[in-house]
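Have a look at the structure below, then the notes.
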Ligand SMILES: NC(=O)c1ccc[n+]([C@@H]2O[C@H](COP(=O)([O-])OP(=O)(O)OC[C@H]3O[C@@H](n4cnc5c(N)ncnc54)[C@H](O)[C@@H]3O)[C@@H](O)[C@H]2O)c1
């Protein structure tokens, strides 16, 4: 077999570890770079390194921080020396939480903007023929205030943009995370134009799947599935009608692989489940309840006002990927969420262990507590005495009261920041600090 080599940054994260696994299955010598800063990264490293012999490729791990260029360049050089030039560099390492980016913008900038620049420089200097796949984000489009949204019973929807947001939509990032990823996204494109690097940018919507140790501020689908299975509190920001298009992890990887082998470098794609695979927060809670065979399903939903930078609706226009690559998502949210719940049930001990290790007390920029909903066998619904967070704080409703312009609440609340404890799981079923 031809010797094949690849590099994955953030290879112990959720998406990264799936990339590493697929590359190993295809016989690559994979260099996995990760500083293990993310909760669950160590567990993913243990999982992928457990039995490297079962997969045809070879697995090599280096606990390097992408913010440190000299170290990064060194590990790239060593890998190329031992295993040859990588065919592909998949860049996933990032600070991924918007809330953390607000709390610690320098770390966010250094990781996402400078770290990505370092990865590009390492490729330019050491392996310029490699394809570089970059995980960008829908957040480059900001809060999409100019896109009209209408409110239905259980979800918001784009009023006119029925096919979703295309990659030609103007970027307008509105949080430190959006800004740092947008800078990185532009560097990726420009290094293709200026230096001829084979960069591919995927502006990802909501990706979900196994090996994702979701947290409240990132990975909400997995966070909810874990909370549903282990009986926990869920904090909902706004009315729970925020809509996202969901993409199952293997569908994302199929798109990466198709783009990599297409010979179309320098491209930017919006990717997600598209309009056919969208789900609101309320709809996900209902689906989890429906899928739960456990009669004791008991989820307490606490309602807060909208978070800064939250898009009311985000759905990707994926038609470009379909036209150029013939790609389309195969896994529906119902199927994916079912698989996710099975994974959570099968790996309960590991998930609790991961959560136990993280005695995180994040400073969450919390715009204000609104209400609590107990979820004992009934559907999530907004109780009548709940203040309508958006309306009461100046959201721009039109005359019939149904259509809103996407105006989140954040600005007025800048003095209301409080520190909340991010949920924790405890051994033995009962969990979560209240
Ligand atoms: N999961 C999604 O829905 C989603 C959506 C849009 C964009 N993205 C992007 O996809 C990428 C992967 O996301 P994910 O969900 O797998 O996140 P993740 O947090 O699970 O993975 C990121 C990994 O990067 C590592 N890391 C962080 N800082 C690092 C540093 N300085 N040096 C080296 N490693 C570092 C972390 O330890 C972690 O293992 C990120 O770039 C993210 O911005 C993800």
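Each reported figure results from applying straightforward, stated rules to the coordinates on display, with no laboratory input. The structure presented is a predicted model; accordingly, all values stated were derived computationally and were not measured. Glycine gets a Cβ as well: all are built from the backbone with ideal geometry, and neighbour counts include every protein chain shown.
Answer yes if at least one residue in region 101-114 is crowded, with 23+ Cβ neighbours inside 10 Å and in contact with a strand residue (DSSP E or B) (Cβ under 9 Å, 6 or more places away or on another chain), and no otherwise. No. Of all positions in region 129-138, none carries a residue that is on the phi > 0 side of the Ramachandran plot and under 18 Å from the mean Cα position of the chain (by Cα). In region 80-88 there is no residue matching the filter, namely being under 20 Å from the mean Cα position of the chain (by Cα) and closer than 27 Å to residue 139 by Cβ.
All of (1) farther than 27 Å from residue 192 by Cα; (2) free of Cβ contacts under 8 Å to residues at least 40 places away in the same chain hold for residue 106 with one exception: (1). Considering only region 220-241, state which residues are assigned to a loop (DSSP other than H, G, I, E, B) and surrounded by fewer than 24 Cβ atoms within 10 Å (Cβ to Cβ). Within region 220-241, 231, 232, 238, 240, 241 meet the criteria.
If I filter region 122-152 down to residues being more than 15 Å from the ligand (Cβ to nearest atom) and part of a helix (DSSP H, G or I), which single residue comes out as farthest from residue 187 (Cα to Cα)? The residue in question is 126.
Looking across region 186-208, just one residue is part of a loop (DSSP other than H, G, I, E, B) and within 9 Å of the ligand (Cβ to nearest atom), and that is 205.
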